[in-house]
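Single-structure report; data block below.
Only the coordinates and a few stated rules stand behind these numbers; no lab work does. Computed from a predicted model, the values in this text were never measured in an experiment. Positions of Cβ are backbone-derived with ideal geometry, glycine not excepted, and every protein chain shown enters the neighbour counts.
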Amino acid sequence: MAQGWILVLASLLYLGILFAIAYWADRRSDAGRSVIDHPTVYALSLGVYCTTWTFYGSVGRAAATGIGFLPIYLGPTLMFALGWFVLRKIVRVAKANRITSIADFVASRYGKSQLLGGLVTVIAVVGVIPYIALQLKAVSNSFTILASSPDLVMPARAAAAPMLQDSAFYVAIVLAAFTILFGTRHLDATERHEGMVAAIAFESVVKLLAFFAVGLYVTYGVFDGFGDIFGRAAEIPRLAKLAVARDTAAAYGSWAALTFLSMLSVMLLPRQFQIAVVENVNESHVARSVWLFPLYLLLINVFVLPIAVGGLMQFPEGVDADTFVLTLPLAKGQEAIALLVFIGGLSAATGMVIVETIALSTMVCNDLVMPLLLRWKALGLDRRPDLSGLLLEIRRWAIAVVLMLGYAYFRAAGEAYALVAIGLISFAAVAQFAPAVFGGLYWKDGTREGALAGLTAGFAVWAYTLLLPSFAKSGWLPADFMAGPFGLELLRPQQLFGLTGLDEISHSLFWSLLANIGCYVGFSLRRSPDAREAGQAAVFVGSGNVGAGALQWGAGAPVAELLPLAGRFVGPDRAREAFARYARSRGVRDVEDLPADAGLVHFAESLLAGAIGSASARVMVASVVEEAPPDLDAIMNILDEASQVRAHSREIEQKSRELEAATAELREANERLRELDRMKDDFISTVSHELRTPLTSIRAFSEMLFEDPRIDLEERKRFLGIIVNETERLTRLINQILDLAKLESGRAEWTTSDVDLAEVVRESCDALSQLYREKGVALATDLPAGGPVVQADRDRLTQVMINLLSNAVKFVAQGEGRVRVAVECLRGEVRVTVADNGPGIRPEDQDAIFEKFRQGGSVLTDKPVGTGLGLPISRQIVEYFGGSLWVESEPGAGAAFVFTLPLAEDGGASE
Amino acid sequence: MRKSANERRLTAQRLAALFLLGCALFNYPVLSLFNHAGQVFGIPLLYAYLFGAWVLLIGLIAWAVERGGD
Amino acid sequence: MTKKVLIVDDEPNIVISLEYLMKKEGFEVAVAGDGEAALQKVASFAPDLVLLDVMMPKKSGYEVCAALRGDPAQAATKIIMLTAKGRDTEVAKGLAMGADAYVTKPFSTKDLVAQVKAMLGA
């Protein structure tokens, strides 16, 4: 296998197959028959998590630390158990907002901040480029080893080849070309790359098969199964200790820290975010991935320890454990397996590099370059009609630059410490996104300043405690860097503030996340979120209300402005197509007929967001649309779920208060009704009593007369007289009851005219003069000449007067009684008084006598003749004409019944 | 067939419980119980335990998610 | 010995008719126009039977009835309540107060006399 050209050919062949798969998948996708629209493909593509760091590095790590390689895979397993909540939520939110990268995600969450997007991009680039370098190194190393077989040459000890003979250089170029071909074929609104994803899924299968092949070979070919390997290893003290982990608190702490770190990384690494979120076709695919992806991780790790132990037994020294997967088959002359391993390693490297560079180039283009170019007025970009070509160009250059940076780092680092440790250092870098991302998903009050401060602080601490020390250990920084600036012990990068006992990763993770979370929370709580942040918070934290974002655009903008704007970035044809689809979805036939409303603006913004990121999209749309003034209250009210709930509960409280009030009212009304019912019942009972009383006499006397014919004449006459009287009483009663019923129900007939009240009084007195004479009661009148005129019913007034006069005569003593009637005019009303010198009415009875069937005079032994209805009727009549009737009396000093009536306007009592 | 809201809630709770179970299984102190020399079917105890627990956890997660289909 | 009947009612005409009826049957009759007078008359006249109207000034028939029933000396005194209120609840109330009978107005003179005679065992 000395011929390098076979390796080159195999590599190119392999890349050709990848290319074919990607091409085929893209074609299928264009035809609407997506190959990646399947949960298993999704789960496999997530296998991009396993890079050469896994493929070669796990065995190396296992050879050094035993099971120490496992937390890197247990963490993702745990995270994916939560994937059902976290990943699905991120996917949902990202789809709703057309998120194109993790930088876009963070920028969008905190009010579409370009600054934040740029910062995340910088962190990602700084953190991840060395990781790309690691992949190039791995491919290059494996090439060197294979090419120089059957001699086992450790690349670390080989002299560095000049660049043009360096396989890594060509690997970088080929990968750049491949990535550009599949990463930037066109600008998609959703920034998805179906062909690329299909190729990545395929690569996951290849690297698993390759690793399985070598694992099976080593375990069952070289040795005699697991038992044999471990059994033999147990006899070698150096190897036996690999079977157990160090049993110290620090070791368990490191273990937990690594698990935690890889939990975060599996979500936050740009390539993981790209595959898991941006490239996700269907949210439901997440469900299967939560167990299939961990299963993949488990399978690819099954043979790690056997290979490590086998390698250590095979090569007592002189061979890098990182190369065991390759050197073990080679040492046994199994070149075919070695070639397969090489391809597997190649697939692990290419998968990582392709996805990572696509993700980074999108971020660099959307969140770094475009915002700067658009601000650079001198370029005149704001006048160019079609920027979509420029966008693609930027991305292609970004891919090339990222890969070249990776290569440059590789060249510079060589075998330095900085490259070996870079896997975990990268993990720790992207872990800085965790507070902003997960906080942003579940906490509404995070603000732009909070995210900026948290990211900056975390990044700075990470760089100081992990990145710069790795430079120092590589000899790029003076060694006394590790002693702390100015020799300050407290500030020693890897024993910050004197914290010792943690490994460097745990140490850095602790301080950087402490600073990060502290600043994120602290700065967020300095002010409440503004309207835009609150709006985005509602979209991210809430269940992803897609339309909610539209509310941020208070005004609309016409298609004539939005279409060209979108066209500039996504291409005029694609823009027109997208607008047409949108028009159809709104039931509008022509694109030009779309209403210029906030919904259209939102659509255009999200279309743009797919191409240039949400932060830039907002800026571009704002250039043609008046952004709604940040009416915090309005947006909070509409968007903020919590405030909606609050408003809702306030509403419910309000409703329940209203209901209570209504219930109380009803109860009151019911009470009144019952009272009325009781009164009616009482009234009927009283009426029946009043009617039965005369009837009783009539019946009794009639029966007596009828039964006993021997009653003498005198008696007979007396009885018949009683019968006649009681009959009259009954008649009167019935008439008055009917009268009162009419008055009360408002069905009484009134004949209203100008009435001379004095005349009515005079006539009434005349009518009763006979009665008064019979009883020997004096009746005096005091009437003004040309009596006062009122608007009233003459007969009714007469009825009132007669009632009052007959009442008076009823209660005064026979012979000595005196009744005086006076009519006088006072301030627009006429006042009639009927005063007697009777026994008077006790104060407690003065209201009662106006009730039905309540008679005064209970002091008298003789029951006064009357129905008990006269006064209630009189009061009804007087009140009907706008007056009032009352009694003034002192017991023993007589009673005066007084009523007033308003004077008619034109009739005065003047003359 | 889509799961009902109730089933989804149950699934979510099962997964959360499995996450906690995993955290317990893969960390101190449970881990320390198996951290000593010894072999199970010729495989180092700790190694066998970790992979066994891992398989169990994945199986349970798969059971929780795929039950009833979605 | 002639039985004594006390007539209590505030309607003069009803009193007249009852007085006539009772006298005709040979009872010794006394009359009271209200509740208070009735209680005084019961003490002085010691009637065997009281014809007691319910709706009266000063003291209602119920009160008079309750007072009589509360007095052990009057335990044997028969009470017939007369009322123009014919509702069932009032009948029940009257009987609950300890009245021996309850007659609604207007009553049949023949029935009333028969009832009085029956009660007095005459």
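Quick one: Karplus J couplings for segment A:54-63, per residue in order, coefficients 6.51, -1.76, 1.60, θ = phi - 60°, nearest Hz, x for Gly and Pro?
Those phi angles translate into 7, 4, 9, x, 4, 4, x, 5, 5, 5 Hz.
Which ³J(HN,Hα) values, rounded to whole Hz and listed in residue order, are derived for segment A:611-617 from phi using the Karplus coefficients 6.51, -1.76 and 1.60 in 6.51 cos²θ - 1.76 cosθ + 1.60 with θ = phi - 60°, glycine and proline given as x?
For segment A:611-617, the Karplus curve yields 8, 10, x, 5, 5, 5, 4 Hz.
Would you mind putting A:285-291, C:48-54, A:62-68 in packing order, based on average other-beta-carbon counts within 10 Å, highest first?
On the way: A:285-291: 24.3, C:48-54: 26.1, A:62-68: 21.0.
Ranked by mean Cβ neighbours within 10 Å, highest first: C:48-54, A:285-291, A:62-68.
With r as the distance between the Cβ atoms of residue A:766 and residue A:652 and R0 = 60 Å, compute the FRET efficiency 1/(1 + (r/R0)^6) and round to 0.05.
Numbers: r = 72 Å, r/R0 = 1.21.
With R0 = 60 Å, the Cβ-Cβ based efficiency is 0.25.
Step through the residues of segment A:820-831 one at a time and calculate ³J(HN,Hα) from phi using the Karplus curve (6.51 cos²θ - 1.76 cosθ + 1.60, θ = phi - 60°), rounding each to whole Hz and writing x for Gly and Pro.
Computed from phi, the couplings for segment A:820-831 are 10, 10, 10, 10, 9, 10, 9, 6, x, 9, 10, 10 Hz.
So which chymotrypsin sites (Phe, Trp or Tyr not before Pro) in segment A:437-499 pass both tests, a DSSP loop state and at most 15 other Cβ atoms within 10 Å of the Cβ?
On the way: sites: A:438, A:442, A:443, A:459, A:462, A:464, A:471, A:476, A:481, A:486, A:497; in loops: A:443, A:476.
Filter output for segment A:437-499: A:476.
Could you work out, residue by residue across C:13-19, how many beta carbons of other chains sit within 10 Å of that residue's beta carbon, and then give the average as an integer?
Values: counts 15, 8, 1, 7, 11, 2, 0.
If you average over the peptide's residues, the count of other-chain Cβ atoms is 6.
In segment C:1-26, which residues have a backbone nitrogen under 16 Å from the label point lying 7 Å from residue A:710's Cα in the Cα-to-Cβ direction?
Inside the label zone: C:21-26.
For the protein assembly as shown, give me the percentage of DSSP beta bridges that are antiparallel, rounded to the nearest 5 percent. Walk me through the intermediate numbers first.
Working: 29 of 52 bridges.
Here the antiparallel bridges make up roughly 55 percent for the protein assembly as shown.
Could you pull the Cα extents of segment C:1-114 along its three principal axes, largest to smallest, in whole Å?
Extents along the principal axes: 34, 31, 24 Å.
Would you work out if segment A:432-544 is rounded, prolate or oblate? Take a ≥ b ≥ c from the square roots of the eigenvalues of the alpha-carbon gyration tensor; rounded if a/c is under 1.5, else prolate when a/b is larger than b/c, oblate otherwise. Please report the intermediate quantities before stating the final value.
Details: a/c = 3.05, a/b = 2.80, b/c = 1.09.
Note, shape of segment A:432-544 comes out prolate.
Calculated FRET efficiency, residue A:212 and residue A:115, Cβ-Cβ r, R0 51 Å, to nearest 0.05? Please report the intermediate quantities before stating the final value.
Values: r = 47 Å, r/R0 = 0.92.
Using R0 = 51 Å, I get an efficiency of 0.60.
Okay, helix-only estimate at 222 nm for the protein assembly as shown: each DSSP H run of n ≥ 4 adds -39500 (n - 2.57), divide by all residues, round to 500 deg cm²/dmol; what do you get?
On the way: 45 runs with 671 residues, N = 1103.
My calculation for the protein assembly as shown gives -20000 deg cm²/dmol from helical runs alone.
For residue C:81, what residues show an amide H to amide H distance below 5 Å, using hydrogens built from the backbone and excluding near sequence neighbours?
Here the answer is C:52, C:100, C:101, C:102, C:103, since their amide H atoms fall under 5 Å of that of residue C:81.
For segment A:749-902, what is the convex hull (Cα atoms) projected area averaged across all directions, in square nanometres?
Numbers: hull surface 34.7 nm².
Averaging across all directions leaves 8.7 nm² for the Cα convex hull.
For segment A:335-356 and segment A:420-478, compute the distance between their C-alpha centroids and round to whole Å.
What the calculation gives is 29 Å, centre to centre.
Per residue of A:63-70, how many C-beta atoms from partner chains lie within 10 Å of its own C-beta, taken as a mean? If you can, show how the numbers build up before the last one.
Values: counts 0, 0, 0, 3, 8, 0, 0, 6.
Going residue by residue through A:63-70 and averaging, the value is 2.
Given segment A:4-415, what count of lysine pairs have C-alpha atoms under 23 Å apart, with each pair 8 or more places apart or on different chains?
Total qualifying Lys-Lys pairs in segment A:4-415 comes to 5.
What number do you get for segment A:642-742 when its Cα radius of gyration is normalised by 2.2 N^0.38 Å, N = residues? Intermediate values should be presented prior to the final figure.
Values: Rg = 29.1 Å, N = 101, 2.2 N^0.38 = 12.7 Å.
Ratio of Cα Rg to 2.2 N^0.38 Å: 2.29.
Largest first, please: the extent of the C-alpha atoms of segment A:244-356 along each principal axis, to the nearest Å.
Taking max minus min along each principal axis of the Cα atoms, segment A:244-356 gives 48, 42, 22 Å.
Calculate the FRET efficiency for residue A:442 and residue A:488 from the Cβ-Cβ distance with a Förster distance of 35 Å, rounded to the nearest 0.05. Working shown, then result.
Working: r = 38 Å, r/R0 = 1.10.
In this case the efficiency is close to 0.35.
Angle check, please: helix B:5-25 long axis (alpha carbons) against the longest principal axis of chain B (alpha carbons), in degrees 0 to 90, nearest 10.
Approximately 10 degrees, to the nearest 10.
Just to be sure I understand the model, the point goes 7 Å from the Cα along the line to the Cβ. What's the resulting residue C:89 to residue A:750 distance in nm?
3.6
Modelling each spin label as a point 7 Å along the Cα-to-Cβ direction, I'd like the residue A:5/residue A:514 distance in nm, to one decimal.
For the pair residue A:5/residue A:514, the computed spacing is 6.1 nm.
Going out from 0 in 5 Å bins, what whole percent of all Cα-Cα distances in chain B drops into each bin?
Going out from 0 Å in 5 Å bins, chain B shows 4, 15, 21, 18, 13, 11, 8, 6, 4, 1 percent.
Just tell me how shielded C:46-58 is by partners: mean number of partner chain Cβ atoms within 10 Å of each residue's Cβ, no decimals.
On the way: counts 0, 0, 0, 0, 0, 0, 0, 2, 1, 4, 1, 7, 2.
Rounded to a whole number, the mean comes out at 1.
When the distances between all Cα atoms of segment A:4-415 are binned every 10 Å from zero, what whole-number percent does each bin get?
Calculated over all Cα pairs of segment A:4-415, the distribution is 5, 22, 31, 25, 12, 4, 1, 0 percent.
For the residue pair residue C:120 and residue B:62, what label-to-label distance in nm results when each label sits 7 Å from Cα along the Cα-to-beta-carbon direction?
Placing both labels 7 Å along Cα→Cβ, they lie 11.1 nm apart.
Count charges around residue A:524 for me, please; just the other residues with Cβ under 13 Å from its Cβ, Lys/Arg as +1, Asp/Glu as -1. Spell out each step's value before the answer.
On the way: positive: A:109, A:444, A:448, A:526, A:527; negative: A:445, A:449, A:530, A:533.
Within the 13 Å Cβ shell, the charges total +1.
Using 0.36 nm times the number of residues separating residue A:205 and residue A:248, minus their current alpha carbon distance, what extension gain do you get? Don't skip to the end; give the middle numbers.
On the way: separation 43, 0.36 × 43 = 15.48 nm, distance 3.79 nm.
Answer, rounded to one decimal: 11.7 nm.
For the protein assembly as shown, what D do you get in µm² per second when you plug the Kirkwood radius from alpha-carbon pairs into Stokes-Einstein at 20 °C and 1.002 mPa s?
55
Gap in Å between the Cα centre of segment A:490-529 and the Cα centre of segment A:245-283?
Comparing the Cα centres of segment A:245-283 and segment A:490-529, I get a distance of 19 Å.
Under 5 Å between amide hydrogens, which residues at least 5 positions from residue C:31 or on another chain qualify, with H placed 1.01 Å from N in the peptide plane?
So residue C:31 has HN proximity to C:7.
Using a Cα-Cα cut-off of under 15 Å, which aspartates and glutamates could be cross-linked to residue A:717, ignoring same-chain neighbours fewer than 8 residues away?
A:703, A:708, A:726
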